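Report on the structure given below.
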Amino acid sequence: RALVVGAGGQLGSAVLEQALARGGFQQVLALTAGTLAPAMSGLAVLPEAALAEGDAPPLAVDTAFVVYDRARHANGREAAFHRPLPEHLPALARALHQRGVRRLLVVLPQASVLLPQALKAGLASLDEAAVAALDFEHLLFLRPAQAPAAVAGQSLPQRVADALLRQLHWMLPQPQQPVRAASVAGFAVALARALPGTPGGTRIVPAELVWQSAQVADADALAAAWLGGTPLPPPRVRRQRM
């Protein structure tokens, strides 16, 4: 079973949907701060009181996703999900570890420039070392996607065209376009699915790899290759068309 903490934002809801659709989990739970009646097959809710400090029975959950994203206020359903705060990550991770979670994936927001200042400050001070010291079987931090610097090898006409488009704000070149939440969520779930059977430990999923996962047709193969230490193909940047 899997647990999604922070399923209310765009990225969190995408992780929840991907875990339900293709995660291979028997059941997916969402941590809630209010009343929510699950309407999707395989989805269950877990009240946030279940992670309160103190002795508590195991959750029978193998994998947990903690997703940070800016809040959406489209409807009351979003407010029903628990929204994790960056400064609470060590305590949250400790509660999950005490309740039997063996694999933890921390998914950082992809459009951090749009986040409230308080949340940006909190992300800058995430105590990753304190979480790593909890000795999860697997611990992954997914960085915000960023195109590799190697994309500068484009031809001169292409660079001129990209610069013109940036100046006129018509569109952004492919490397600068934000990665869709569904792509990041799919890669996070692919990593979680590939973790069993791989060497344990703490891993930082680099920003370039998260970006590359949105450019390939098979994110599952990329996740398995990276976790297995297989050399990855060089990233390919799709050229911008005028």
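The values are calculated or read from the model by the stated rules, or taken from the named source; none is laboratory data. This structure is a prediction, so every number in the text was calculated from the model and none was measured. Surface accessibility is based on the protein's heavy atoms, side chains included, excluding ligands, DNA and RNA. Shrake-Rupley method; radii C 1.70, N 1.55, O 1.52, S 1.80 Å.
For S183, the accessible area of its heavy atoms, probed at 1.4 Å with every protein chain present, is near 30 square angstrom. Taking a ≥ b ≥ c as the square roots of the eigenvalues of the alpha carbon gyration tensor, region 1-47 is oblate, as a/c is not under 1.5 and a/b does not beat b/c. Largest first and in whole Å, the equivalent-ellipsoid semi-axes of region 25-66 read 18, 14, 8, each the square root of five times a Cα gyration tensor eigenvalue. Annotation: H88 carries an accessible surface of approximately 100 Å², with a 1.4 Å probe and no ligand, DNA or RNA atoms counted.
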